Amino acid sequence: MPEPLLLARGLTRRYGQVYALQGADFSAYPGEVVALIGDNGAGKSTLVKALSGALRPDGGEIRLEGRPVHFDSPLDAQRLGIETVYQDLSLAPDLDAAANLHLGRELFRGGLLRPFHVLDRTAMRRSARTAFGELGVELRDIGVPVAALSGGQRQSVAVARAVAYASKVIFMDEPTAALGVVQRGRVLDTVRRVRDRGISVVLISHNMPEVLAVSDRVEVLRLGRRVATFQTAQTSVEELVGAMTGALTR
């Protein structure tokens, strides 16, 4: 077994008298889809925020490629190759797919115009077509506002943006929530393509059949701690639910 790409040991986080994380552990390996599951209040969101730089844990250790790391903001995590696709997607609905792909990382024209920050829309769209093509994302027109796209297409744009800049880990929070059957399938295919590029994908989901269909491994949180780890090829929905509810420990 290779060394974990991303490793957390004993993470704690307290809000007043309530512990959201109570010594939580987590690991993600290169080129795998690892699902992070747990009932509401298990600490999933808090753990992901700690691992992606959105908050600082009160205690514990985070290692990336075997080295201790400390994130003061999501920008710190992004600089180290960690991206997050949030459930609300964080897209600008009035901008087109290319502009959303480069949101915050816009390309500008060179020469004398550069001090005025004139967008190089041609280069951005060319780059976007390449990024979408590599992931098999099909958009009829990347120049239309993302508000006009289907739910699955918007999700694919958010994933493509993360993949364009992530070199190590991508967190995906409920990537298929509120999508139809066909759109779910396309998003899951995109997840597999990302994994095949050697990037570790951390999937946060409540959909157990979906978790088993796309993930290589599952880690279960309960009451702020990791209580079980499963290889998906050797487990069932019943076992996962049992670990989440405390009926099964492993």
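The values are calculated or read from the model by the stated rules, or taken from the named source; none is laboratory data. All values reported here derive from a predicted model rather than from experimental measurement. Methodologically, a virtual Cβ is constructed for each residue, glycine included, from the backbone with ideal geometry; neighbour enumeration extends over all protein chains shown. Surface areas here come from the heavy atoms of the whole protein model, side chains and all, with no ligands, DNA or RNA. Shrake-Rupley method; radii C 1.70, N 1.55, O 1.52, S 1.80 Å.
Quick look at the numbers
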quantity	calculated
Residues of the stretch 155-176 that turn out to be of a type in the set (D, E, K, R) and buried (at least 24 other Cβ atoms within 10 Å of the Cβ), as a count	1
Thr46 being crowded, with 18+ Cβ neighbours inside 10 Å and either among the hydroxyl-bearing types (Ser, Thr, Tyr) or more than 21 Å from Glu174 (Cα to Cα) (or both)	yes
Residue within the stretch 221-233 that is buried (at least 22 other Cβ atoms within 10 Å of the Cβ) and in contact with a helix residue (DSSP H, G or I) (Cβ under 7 Å, 6 or more places away or on another chain) present	yes
Tally, over the stretch 193-210, of residues that are open to solvent by 70 Å² or more (accessible area, probe 1.4 Å) and in a helix (DSSP H, G or I)	3
Candidate set from the stretch 64-87 (those that are of a type in the set (Gly, Ala, Ser) and surrounded by fewer than 15 Cβ atoms within 10 Å (Cβ to Cβ)); member that is nearest to Val144 (Cα to Cα)	Ser73
Whichever residue in the stretch 177-192 is among the hydrophobic types (A, V, I, L, M, F, W, C) and touching a residue at least 40 places away in the same chain (Cβ under 8 Å) and, among such residues, is least open to solvent (accessible area, probe 1.4 Å)	Val191
Matching residues in the stretch 88-105 - criterion: being loosely packed, with under 15 Cβ neighbours inside 10 Å and not basic (Lys, Arg)	Asp88, Ser90, Ala92, Pro93, Asp94, Leu103, Gly104
Top-ranked residue in the stretch 211-235 [being part of a strand (DSSP E or B) and not charged (D, E, K, R); ranked as nearest to Ala20 (Cα to Cα)]	Leu221
Selection status of Arg13, open to solvent by 20 Å² or more (accessible area, probe 1.4 Å) and part of a strand (DSSP E or B)	yes
Conditions (1) open to solvent by less than 60 Å² (accessible area, probe 1.4 Å); (2) within 17 Å of the chain's Cα centre (by Cα); (3) among the small types (Gly, Ala, Ser): number failed by Ala20	(2)
Of the criteria (1) out of contact with any Phe, Trp or Tyr (no Cβ under 6 Å at 6 or more places or on another chain); (2) closer than 27 Å to Val163 by Cα; (3) at pLDDT 95 or above; (4) not hydroxyl-bearing (Ser, Thr, Tyr), which one Ala8 fails	(1)
Val241 in a helix (DSSP H, G or I), open to solvent by 40 Å² or more (accessible area, probe 1.4 Å) and of a type in the set (A, V, I, L, M)	yes
Residues satisfying the stated conditions in the stretch 26-43, i.e. open to solvent by less than 50 Å² (accessible area, probe 1.4 Å) and either more than 19 Å from Val194 (Cα to Cα) or among the β-branched types (Val, Ile, Thr) (or both)	Phe26, Val33, Val34, Ile37, Gly38, Ala42, Gly43
Filter result (in a helix (DSSP H, G or I) and touching a residue at least 40 places away in the same chain (Cβ under 8 Å)) within the stretch 135-152	Leu135, Val146, Ala147
Residues satisfying the stated conditions in the stretch 55-76, i.e. over 19 Å from Glu219 (Cβ atoms) and either aliphatic (A, V, I, L, M) or part of a strand (DSSP E or B) (or both)	Leu55, Gly59, Arg67, Pro68, Val69, Leu75
Positions within the stretch 165-183 being modelled with pLDDT of 85 or more and assigned to a helix (DSSP H, G or I), in sequence order	Tyr165
